[in-house]
1. Please report the net charge: other residues with Cβ closer than 11 Å to the Cβ of Val138, K and R +1, D and E -1.
2. Report, largest value first, the span of the C-alpha coordinates of the range 138-224 along each principal axis, in whole Å.
3. Considering all alpha-carbon pairs of the range 52-128, what whole percent are spaced by more than 16 angstrom?
4. Restricting to bridges with both residues inside the range 100-205, how much of the DSSP beta-bridge set is antiparallel, in percent to the nearest 5?
5. In µm²/s, what is D for the range 101-245 at 10 °C and 1.306 mPa s, where D = kT/(6 pi eta Rh) by Stokes-Einstein and Rh is the Kirkwood radius from Cα pairs?
6. Please list 3J(HN,Hα) in residue order for the range 73-78, calculated via the Karplus relation 6.51 cos²θ - 1.76 cosθ + 1.60 where θ = phi - 60°; whole Hz, with x for glycine and proline.
7. Given N residues in the range 122-180, what is Rg(Cα) / (2.2 N^0.38 Å)?
8. Do the alpha carbons of any pairs in Lys144/Lys177; Lys106/Lys150; Lys150/Lys212 sit beyond 19 Å of each other, and which pairs?
Amino acid sequence: MKKTIVLGVVASAFIALLVIEPAMAGPGGKIARAAFETFWGRGALGVLTIVFLPLVAYVLLVEKFSERRARKDLRFMAGHSSLFEWLKLQERAKDCFFRVHSGWDKEDLSGVSDWMTDWYWQNQQLVHLDRWREEGLVNICDVKNITRIKPLLFVHRNQGDEHEDSMVVISIEARMKDYLQDRTTGKVVEGSKRDKEVETIWSFTLEDGVWKVSNIEEDSMSTVYAKMVRELPGIETTVVSDLRA
């Protein structure tokens, strides 16, 4: 399981000691880390895992609880709308994952703009892709297959219309290549050309009855979202018919 980096903030801090602040690339954030691919890096990771084993166990428990709550609430809402059926939502998430990565690899997200919220599409194109092109850099994204997908957080809303602006946060793990290289020389400037397990956190927002990508973040955010479950109201209280009764 890709949770070898589930040390979260602790492991991230350790990586910062090994490398300079990573270059921003890849859909939504930083490219796949390469710090633990060397012999010494794997050794350091092993030591970290042992030292912080209690923290790892705690994180896994928190995320397991949040996944269980998200699935339970989605099942409840599926009785009110097929939009919340996990199998359908999961297929939508996978489709978005492949389409967005394909658009990113082509350095043009205009073809997948309908699969993302307007704000996020513009953010990805202008803030990242266009800037990389100007700096002579290109991010290579080659997804082999998705190995794991699970919901971390589900928030049901009724912003204006019933179900509008509802949000689901999903952890997606995939086997893929993800690195940044110089466009002219082909030299890798961040990451590596090896296939690796990469986990990213994808947020989807319901707009006009369609689930759209609204954010993509690093795996270290998984625990942050998992802890938000404590603040959620009972799913039954969010149903419009119940509120009007």
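1. -1
2. That works out to 52, 25, 23 Å along the principal axes.
3. The share of Cα pairs beyond 16 Å in the range 52-128 comes to 65 percent.
4. 100
5. Estimated diffusion coefficient is 92 µm²/s.
6. 5, 5, 4, 5, 6, 4
7. This ratio for the range 122-180 stands at 1.62.
8. Lys106/Lys150
The values are calculated or read from the model by the stated rules, or taken from the named source; none is laboratory data. None of the values given here were measured: they were computed from a predicted structure. We place every Cβ from the backbone using ideal geometry, glycine too, and count neighbours over all the protein chains shown. Note: areas computed on protein heavy atoms with side chains; ligands, DNA, RNA excluded. Shrake-Rupley method; radii C 1.70, N 1.55, O 1.52, S 1.80 Å.
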